[in-house]
Amino acid sequence: MSRDIEIAQVGIQFHQRGETVIALEDVSLSIPKGSYTEIIGPSCCGKSTLLRLIADILAPSSGKITIGGSPPAEARRDHAIGFVFQQPTLLPWRNIRQNVALPLDVVGRTSHRRSDRTPDQLLELVGLGKFARSLPAELSGGMQQRAAIARALVLQPDVLLLDEPFGALDEITRQKMNLELLRIWTECRTTALLVTHSIAEAVFMSDEVVVMSPRPGRITARIAIPLPRPRSLAMMRDPAFTVAVNQVREALFGDEAETLPGGEAY
Ligand SMILES: Nc1ncnc2c1ncn2[C@@H]1O[C@H](COP(=O)(O)OP(=O)(O)O)[C@@H](O)[C@H]1O
Ligand SMILES: [Mg+2]
């Protein structure tokens, strides 16, 4: 199952040490159900804040968000939202299977409405079948993040939110993890929304790339990616890939884009 996400004229302000920070202003975005979207923008432009608003971790100061027609609070109560943070945030004293099963323990296995994949099936899906009994500290950063993804999927969310999930990983591991994530998303068909810092990654992964401006964060461009699926690394040589990368760079940097090196992370 998947749900669409509707964001209508959303704004949020924070009060820090007597000052008001407008983190997001007039953000509107429609994300179709079952789609894969990446958000890119400069540091502190409100990307994490936007994800937290969708996940009902924060409430907007103005505007409205709905997930499959319901307010985020309802979607959260319904366990329709999975969240993967930048750090894996696994409990160090629980083994990997126990970490992945944690949401089931919290919700109560029998009260859960869906016929879930078991934690063991999810561990297979994310390539950690052999590590069910390992402790988090025994796994690499990439493996821990896979476990965090499995945990986010255990209640079969309709919406999966990932906040720079591979930001702490090296380039090669990131690329592997991205391919894995696409495979997992293809199997689960949840609506996926991921925050990234890499232009090339955003284009490679997404149906649509959403570009945000510096604070106060606004959406400045939405770029549809015409590459077919399943995606393969060879598509990075496709002219359509280069065109889309340039569109995103232009949206991010405007005229400055000409003088910046590479199309990779900035
Ligand atoms: N809980 C909070 N309290 C106060 N200010 C916050 C809070 N969360 C975020 N901010 C501020 O809002 C802005 C956007 O933050 P964030 O969404 O984390 O940006 P990004 O993820 O794009 O780097 C920043 O200026 C940050 O300091
Ligand atoms: Mg952030």
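Scanning segment 20-55 for residues that are free of Cβ contacts under 8 Å to residues at least 60 places away in the same chain and surrounded by fewer than 18 Cβ atoms within 10 Å (Cβ to Cβ) gives THR20, SER30, SER43.
Is it the case that some residue within segment 74-87 is farther than 30 Å from LYS176 by Cβ, crowded, with 22+ Cβ neighbours inside 10 Å and more than 12 Å from ligand 1 (Cβ to nearest atom)? For segment 74-87, residues farther than 30 Å from LYS176 by Cβ, crowded, with 22+ Cβ neighbours inside 10 Å and more than 12 Å from ligand 1 (Cβ to nearest atom): present. Tell me whether segment 5-27 contains one or more residues that are closer than 28 Å to GLU124 by Cα and of a type outside the set (Ser, Thr, Tyr). No, segment 5-27 contains no residue that is closer than 28 Å to GLU124 by Cα and of a type outside the set (Ser, Thr, Tyr). Of all the listed residues (LEU252, LEU179), the sole one being under 16 Å from the mean Cα position of the chain (by Cα), touching a residue at least 12 places away in the same chain (Cβ under 8 Å) and within 27 Å of ASP4 (Cα to Cα) is LEU179. Here ILE12 meets each of (1) among the hydrophobic types (A, V, I, L, M, F, W, C); (2) at pLDDT 95 or above; (3) surrounded by fewer than 23 Cβ atoms within 10 Å (Cβ to Cβ) with one exception, condition (3). Assessment of segment 172-188 against the conditions (open to solvent by 40 Å² or more (accessible area, probe 1.4 Å), among the β-branched types (Val, Ile, Thr) and modelled with pLDDT of 90 or more) yields at least one matching residue.
The values are calculated or read from the model by the stated rules, or taken from the named source; none is laboratory data. Treat the numbers as computed from the prediction; the structure is a model and nothing was measured. With ideal geometry, Cβ positions are generated from the backbone for all residues, glycine too; neighbour counts draw on all protein chains shown. We work out accessible area using only protein heavy atoms, side chains counted, and drop any ligands, DNA or RNA first. Shrake-Rupley method; radii C 1.70, N 1.55, O 1.52, S 1.80 Å.
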